[in-house]
Structures are given as C-alpha cells and as structure tokens.
C-alpha cells in the first residue's frame, strides 16, 4: 500500500460571514494550555472541519459532535464579543459567577 500523501487546499473566507465567525469562535472556545509552559494554543479548527467533513461524506449524516459544536456556537453567538472573550478565558464557574453578578447589577 503506498504511503499516505496529502495536498494543500487553500481556502479564502470572507470576514463578516457566519463561517468566519465560527472559525474565530472555535479557535477561542477550544483553546488549550500547555501545563508545563502555560502557553495557550488556539483550537485546531482545520482539523475539526476536516474530520467532520470526512465523517459526513462517509456516513451521509452530520455527527453528534458536529451538531453539538454547532449548537454551542449558536448559543455563544448571542453573547457580546466581550462576553465571548470572558467565557473563553474563565472557568465555567467563574463565568457563571460573572453572569450572575451582571444580572444582579441589571446589565
């Protein structure tokens, strides 16, 4: 069997589109931190999209993971950019506290 090869497939995405917003959101929402160095890495949206497209083309159905991520994106889309950034940087409990304080303040 010949070794697996790959090729480059450049793709331009217009700013201001829902797809561009998804890419930006995914990179922030799925970022990881190296425990040794503390360096943060953006979520690998390319790998996610390729994996999900492969699954979709193989099965003919969107995976549960893709549907879950899409619902998460839709839910996050109602947040202001500032709150989206806060949600990405804070733990779930810290973000819940922030939301509770904002509701208490009437913001």
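Separation between the residue 55 and residue 94 pseudo-spin-labels, each 7 Å from Cα along Cα→Cβ, expressed in nm?
Going from the residue 55 label point to the residue 94 one covers 2.9 nm.
Can you put 95, 7 in order of Cβ neighbours within 10 angstrom, beginning with the fewest?
Fewest to most other Cβ atoms nearby, the residues stand as 7, 95.
Distance between Cα centroids, segment 87-106 to segment 31-62: provide it in whole Å.
Going from one Cα centre to the other spans 26 Å.
Over the chain, with a Gaussian network built from C-alpha contacts below 10 Å, which listed residue (48, 73, 22) shows the highest mean-square fluctuation?
48
Return P(r) of the chain (all Cα-Cα pairs; 10 Å bins starting at 0; whole %; ordered from short to long distances).
For the chain, the pair-distance distribution reads 11, 34, 32, 16, 4, 1, 0.
None of the figures in this text is laboratory data; all of them are computed from the coordinates on show. Owing to the predicted nature of the structure, the values given are computational and were not obtained by experimental measurement. Every residue, glycine as well, gets a Cβ built from its backbone with ideal geometry; the counts of neighbours run over all protein chains shown.
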